[in-house]
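Visitor: Below is the structure I would like to discuss, written out as structure tokens.
The values are calculated or read from the model by the stated rules, or taken from the named source; none is laboratory data. If you're wondering where the values come from, they're calculated on a predicted model, not measured in any experiment. Every residue, glycine as well, gets a Cβ built from its backbone with ideal geometry; the counts of neighbours run over all protein chains shown. Ligands, DNA and RNA are excluded from the accessible area calculation, which covers all protein heavy atoms including side chains. Shrake-Rupley method; radii C 1.70, N 1.55, O 1.52, S 1.80 Å.
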Amino acid sequence: MRQYAWNLMTGSASALVISAAARALPDPAPGGSRVYLWLYRFAHLVLANFDKVGSGDESKSGGN
């Protein structure tokens, strides 16, 4: 039982560190590299940082 608790703690800590590393990525520049934009969105999507992924150009959404 002790091994399961250790695995849970190390897995949780690893997930937090990786998520923090993805959040530390600088926002892509508006006219920047498309490869970096894809990498940025992919990292946040995989790590469930949905607030950072965005859905493209927000000026087209029509909302205020």
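Visitor: Of all residues in segment 2-24, which are closer than 16 Å to ALA43 by Cα and either out of contact with any helix residue (DSSP H, G or I) (no Cβ under 6 Å at 6 or more places or on another chain) or open to solvent by 100 Å² or more (accessible area, probe 1.4 Å) (or both)?
Guide: Hits for segment 2-24 are SER14, ALA15, LEU16, VAL17, ILE18, SER19, ALA20, ALA21, ARG23, ALA24.
Visitor: Hey, another quick one. Give all pairs with beta carbons closer than 7 Å in which a residue from segment 31-43 that is in contact (Cβ under 8 Å) with a residue 12 or more places away in the chain meets a residue that is open to solvent by less than 80 Å² (accessible area, probe 1.4 Å) and among the small types (Gly, Ala, Ser); count only pairs at least 6 apart in sequence or on separate chains.
Guide: As it stands, the answer is ALA43/ALA22, since those pairs meet every condition given.
Visitor: Mind listing whichever residues of segment 25-48 are surrounded by 10 or more Cβ atoms within 10 Å (Cβ to Cβ) and small (Gly, Ala, Ser)?
Guide: GLY32, SER33, ALA43, ALA48
Visitor: I would also like to ask the following. Which pairs have Cβ atoms under 7 Å, sit 6 or more apart or on different chains, and link a residue in segment 1-22 that is within 29 Å of LEU37 (Cβ to Cβ) to one that is surrounded by 10 or more Cβ atoms within 10 Å (Cβ to Cβ) and small (Gly, Ala, Ser)?
Guide: Sorted first by the residue in segment 1-22, then by its partner, the pairs are ALA22/ALA43.
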